[in-house]
Amino acid sequence: MQHKDNPLLSSWPFWALELTPAAENADIEKSARDIINKIQFQLPGSEYYRSPEGSQKRDEFLIREAKSKLQDPKSRLLAEYWYIDPLIEAKNAQQQDKLSIKEWYKEFGIQLWED
């Protein structure tokens with residue numbers, strides 16, 4: 001995933017730290033510290049985080065970079081502006097996967113048959 005190439009993915013620091021825009025600086029510090037500890041102790045799943053594009057890999061460097069981004073007012077504002085809850089997006093994707101072909105056409109405003 002190229003976070004820096006797509007402004008829609010600018011909220012990656014929140015996803016990497018498993019936070020929302022409601023997070024305060026103390027939350028950022030605690031989350032970064034906890035995740036780095038989990039990565040160092042090689043706890044299962046600690047090296048991955050959820051994003052709207054699925055599971056992404058993270059390491060200590062990425063966590064430190066995410067923390068820095070969220071503590072910088074300009075980059076945090078951008079991350080807050082484009083924030084999408086990765087769990088909501090995953091649920092929406094699952095629901096869309098279950099649509100029938102008729103429902104897909106309806107989603108796009110195409111009506112091939114009468115109801």
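If you take the alpha carbon atoms of the stretch 3-84 and fit the smallest convex hull around them, that volume is 78 Å³ per residue.
Taking 0.36 nm per residue of sequence separation and removing the Cα-Cα distance, the S46/D27 pair yields an extension gain of 5.1 nm. Near the amide H of S51, within less than 5 Å, lie the amide hydrogens of Q56, all on another chain or at least 5 residues away, with H placed in the peptide plane.
Rounded to the nearest whole Hz, the Karplus-based 3J(HN,Hα) values (6.51 cos²θ - 1.76 cosθ + 1.60, θ = phi - 60°) of the stretch 49-58 follow the sequence 9, 8, 9, x, 9, x, 6, 10, 7, 9, with x at glycine and proline.
A short reminder: the numbers here are calculations on the coordinates, not readings from a lab. In this text, all values refer to a predicted model and were calculated from it rather than measured experimentally.
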